[in-house]
1. Within the stretch 703-720, is even one residue closer than 25 Å to GLY520 by Cβ, open to solvent by 70 Å² or more (accessible area, probe 1.4 Å) and within 36 Å of the chain's Cα centre (by Cα)?
2. Scan the stretch 422-440 for residues that are of a type in the set (Val, Ile, Thr) and surrounded by 15 or more Cβ atoms within 10 Å (Cβ to Cβ) and jot them down.
3. Identify all residues within the stretch 820-847 that are modelled with pLDDT of 85 or more and open to solvent by 60 Å² or more (accessible area, probe 1.4 Å); write none if there are none.
4. Residues ALA588, ALA607, ALA568: which one is open to solvent by 10 Å² or more (accessible area, probe 1.4 Å) and touching a Ser or Thr at 6+ places or on another chain (Cβ under 6 Å)?
5. Please name all residue pairs, on different chains or six or more residues apart, with Cβ atoms under 7 Å, provided the first residue is in the stretch 1-28 and is without any contact (Cβ under 8 Å) to a residue 60 or more places away in the chain and the second residue is open to solvent by 40 Å² or more (accessible area, probe 1.4 Å) and in a helix (DSSP H, G or I).
6. Do you know which residues across the stretch 181-196 are open to solvent by 20 Å² or more (accessible area, probe 1.4 Å) and either touching a helix residue (DSSP H, G or I) at 6+ places or on another chain (Cβ under 7 Å) or free of Cβ contacts under 8 Å to residues at least 60 places away in the same chain (or both)?
7. Would you confirm, using the coordinates I've provided, whether ILE270 is open to solvent by less than 20 Å² (accessible area, probe 1.4 Å) and farther than 24 Å from LEU114 by Cα?
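The values are calculated or read from the model by the stated rules, or taken from the named source; none is laboratory data. It should be emphasised that the depicted structure is a prediction, and the values quoted were computed from it without experimental measurement. A quick note on method: Cβ atoms are made from the backbone with ideal geometry, for glycine too, and the neighbour counts reach across all protein chains shown. With ligands, DNA and RNA removed, areas are computed over all heavy atoms of the protein, side chains included. Shrake-Rupley method; radii C 1.70, N 1.55, O 1.52, S 1.80 Å.
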Amino acid sequence: MRWTTDVIRKSFLDFFEERGHAILPSAPLVPKGDPTLLFTNAGMVPFKDYFLGLRTPPNPRVADCQKCLRISGKHNDLEAVGRDTYHHTFFEMLGNWSFGDYYKEDAIRWHWELITKVWEIDPALLYATVHHEDQEAEDIWLKLGVLPKDRILRFGDKDNFWEMGETGPCGPNSEIDIDRGEGACEPEKNHPGEKCFVNVDGCSRFIELGNLVFIQYNRDASGTLTPLPKKHVDTGTGLERVAAVMQSIEQGKLLGNYDIDLFQAIIKSIERVAEQFESIARTSDRVVSLARYGDSIETDVSYRAIADHARAICFLIADGLIPGNTDREYVLRRLIRRAARHGRRIGFDDSFLFDVCRAVIAAMGSAYPELDQKKHKIINEVHIEEERFGKTLNIGLSLLGDAIKQLRLRGKSILPADSAFKLYDTYGFPLDLTQDVLREDGFTVDVAGFDSLMEQQKKRGRAARKDDAIAPEISLGAHVSSRFVGHHNYQAESEVLATGGKTGEQVAVVVAETPFYPEGGGQVGDRGVIETEAGAILEVSDTRKSDGSIVHLGRIIRGDAADFGRGARVKLTVDRLRRDATMLNHSATHILHYALREALGNQVHQAGSLVAPDRLRFDFAHQGAIKDDALESIEEEINARIRENAEVTTEEMAHDDALKAGALAFFGDKYGDRVRVVRMGDFSVELCGGTHVSRTGDIGFFKLESESGVAAGVRRIEAVTGRGALETVRKREKILEEIGAHLGARDSAAVDRLEKLLAREKELEKKLRAMEQKLAGGAAGAATDEDVREIAGVKLVIRKLDGVEPRAMREIADRMRQKHGSAVVALGSIHGEGKVALLVAVTPDLIDKIKAGDIIKAIAPIVGGTGGGRPDLAQAGGKDASKLDDALAKVASMIKPQ
């Protein structure tokens with residue numbers, strides 16, 4: 001029998017089931033009803049209330065395999081993940097529990113039996129530890145007679161007193177540790193000045209196999225320990241660590257946690273995705289070469305971090321979280337972003353993590369069915385988040401790389417606050433990721449300065465919001481108020497209450513009653529004219545709100561500003577065509593809101609809008625892009641409601657009564673105690689102060705133009721209605737007619753013609769590639785222009801090519817390596833419009849001494865380019881064709897005597 005991770009998990013649960021334990025499924029990673037923890041960080045978290053006597057357990061003896069996440073608070077392993085072979089964010093904790101039933105003796109005896117009899121680990125490799133004040137535990141170990149006294153060790157609170165957090169159940173513990181042998185640790189590196197031994201910080205030779213906690217106290221916020229009503233047992237065994245020990249014994253070689261079957265399946269999936277990336281890149285003439293596990297220490301760190309984070313990400317989403325900006329949701333977002341950054345270090349330049357998550361689900365879905373049940377949600381959420389952050393990540397890493405170079409040149413170790421803030425504020429690159437990148441290169445960031453800049457920005461934002469949107473050079477003087485009377489009117493007569501501005505400049509006028517709708521709730525302000533009895537005219541370009549007043553902004557086209565003085569009688573006329581077009585769009589947003597909630601669920605809610613005469617824009621909360629067929633259904637539902645010609649009514653009522661009646665509030669509107677409720681047929685009820693049609697049929701026609709993402713979790717639909725929708729359709733018809741004319745066909749015949757042309761293009765492209773490969777074969781076999789020399793016992797072959805594309809250069813390099821047997825091959829080509837392509841290939845027998853990636857990184861800057869790759873093959877592109885000979889000549893200096 002092979003000791004796979006699944007077999008070990010099952011053997012543990014079977015062992016304790018035989019000893020009267022009820023086997024329980026894992027609790028979620030998000031603790032229920034426990035505000036003191038962000039995540040389940042230990043096996044005992046779901047049983048906390050049982051220890052405190054607040055709830056009764058289903059059985060006094062319980063065993064489980066609990067999902068755990070240590071990424072916040074006291075137990076936070078995030079920074080160590082990937083840098084060694086045993087730290088994880090997500091891990092599985094095997095546990096057996098006694099709630100006031102058996103105690104220390106049975107717990108110790110059974111765990112020893114499990115480790116030495118079931119798992120067959122040699123007792124000669126094992127040690128036991130106890131708390132220095134726990135004489136009872138030491139006596140039990142001595143009584144069992146399984147270990148000599150010098151391998152039963154006493155330690156203080158730091159090592160042998162366990163507590164879940166700053167508060168909660170706790171108690172002394174006894175651990176079983178294993179000696180993995182001298183090769184398992186580098187003491188001079190891991191813990192200089194100390195010999196390898198049990199509980200030496202940093203020592204990877206002596207590691208814990210099991211932790212037996214004897215819970216007998218509760219620690220309160222003041223730190224006081226109070227004895228619990230009953231004594232309990234909490235035994236925890238890290239599944240990944242046990243698997244590493246047992247598979248090491250089974251395979252006869254030392255393995256870390258990331259070498260076990262479960263992690264290797266995930267790591268191999270990353271390599272498969274890397275191969276797919278390279279294959280796809282070759283078909284599109286892109287130079288992409290990704291590192292593999294084992295290429296370097298830093299590469300291995302990234303592979304391990306991705307494998308670890310992918311597990312945590314999958315389980316968090318399966319347990320109901322989605323990436324966001326608050327608490328747990330931000331932890332998930334941060335994990336996805338950290339994994340994406342490690343992917344960039346390997347060489348991924350696009351989304352890849354969602355494919356790795358498929359491997360996690362395949363590897364762990366049998367033990368945790370929720371992964372299979374939520375498979376599509378997991379993959380979709382990760383893909384969306386990765387796509388959303390990809391561009392930001394690429395720009396941020398490039399800028400941060402430049403900043404690190406400057407720090408090195410200046411001999412500094414702290415990134416200035418303004419640099420970190422610019423990354424965050426201008427490019428959206430989060431501070432925690434900046435800190436992660438800097439930490440890996442031995443740098444830090446001025447966090448205090450960053451916080452100060454952030455607070456200054458918030459103050460500026462608050463100050464800006466105080467401006468009530470009228471031009472600062474216009475002052476209305478005393479506060480005045482006015483009333484809107486334009487829901488059904490386009491004209492009104494009134495009296496001027498206040499005026500600001502000068503003739504020839506922008507003028508602001510406030511009247512007692514106005515038919516002009518002021519900008520609000522997404523609807524733009526009305527335009528029109530205001531005329532005095534004496535014939536002076538103000539052309540209104542915008543209408544806005546300010547301190548209870550409706551302000552008309554515009555320029556005087558006849559008369560003088562004095563003509564609009566306080567007390568003047570005026571006639572106000574709204575631009576009716578513009579208002580009506582805006583009104584159609586505003587009513588359409590209400591129907592759109594309804595249709596979105598019908599199609600996507602009631603979690604959809606408005607997050608902003610623009611209602612203008614020529615278009616509408618509607619932002620709403622929703623995760624992920626909407627599929628084309630769903631958009632078609634939404635558009636059809638809206639037009640069906642328009643054709644229904646339902647009556648649109650309005651009613652004023654108390655704000656609370658309106659909400660109780662099911663009215664939805666529109667984003668951006670400010671509501672008083674009395675509100676205006678707009679009803680459309682029996683399908684839409686909204687709080688809204690805007691102008692609307694009398695019947696939905698007045699809208700005429702709704703045409704959805706686009707759907708896109710504008711922020712995390714916020715989508716945007718843009719559309720047109722009425723005459724604008726008709727004009728849009730006519731424009732598209734004209735474009736289709738022009739395309740048909742070029743193709744010499746119309747309608748469906750044009751589609752057939754286009755498909756044939758595309759198929760022909762594909763066929764020609766295939767033939768072109770075949771010819772390129774044939775030419776590459778001929779070029780590789782020819783001896784002309786081939787510079788062959790021997791340096792320090794290494795054959796170097798340099799070849800300058802003309803007009804050969806990068807993908808064909810790989811073929812040439814492969815054939816040249818076959819031809820020469822043992823060699824370093826360096827190729828250069830000028831192709832396209834003066835582009836430079838470089839390639840270095842090293843035969844397998846030489847890669848221990850010479851790395852293709854190192855050579856390409858040294859010569860690429862000579863032609864004004866960058867590149868990289870694996871030890872056996874690397875490529876680069878450049879812009880300066882005049883320096884190609886210099887770049888190829890540099891290769892010889894890179895081959896040095898070993």
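1. The answer is yes; a qualifying residue exists.
2. In the first step, residues of the stretch 422-440 are kept if they are of a type in the set (Val, Ile, Thr); the result is 426, 434, 437.
Selection gives THR434, VAL437.
3. Scanning the stretch 820-847 gives LYS835, PRO844, ASP845.
4. Details: ALA588 fails: open to solvent by 10 Å² or more (accessible area, probe 1.4 Å); ALA607 fails: touching a Ser or Thr at 6+ places or on another chain (Cβ under 6 Å).
ALA568 is the lone residue from the list that is open to solvent by 10 Å² or more (accessible area, probe 1.4 Å) and touching a Ser or Thr at 6+ places or on another chain (Cβ under 6 Å).
5. MET1/VAL7; ILE23/GLU17
6. GLU182, GLU186, PRO187, GLU188, LYS189, ASN190, PRO192, GLY193, GLU194, LYS195, CYS196 - these are the residues of the stretch 181-196 that are open to solvent by 20 Å² or more (accessible area, probe 1.4 Å) and either touching a helix residue (DSSP H, G or I) at 6+ places or on another chain (Cβ under 7 Å) or free of Cβ contacts under 8 Å to residues at least 60 places away in the same chain (or both).
7. Values: open to solvent by less than 20 Å² (accessible area, probe 1.4 Å): yes; farther than 24 Å from LEU114 by Cα: yes.
Yes; evaluated as a whole, the condition is true for this residue.
This table checks each residue for (1) β-branched (Val, Ile, Thr); (2) under 44 Å from the mean Cα position of the chain (by Cα).
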| position | (1), (2) |
| --- | --- |
| GLY520 | no, yes |
| VAL524 | yes, yes |
| GLY528 | no, no |
| THR532 | yes, no |
| ILE550 | yes, yes |
| VAL570 | yes, no |
| ARG576 | no, no |
| ILE591 | yes, yes |
| TYR594 | no, yes |
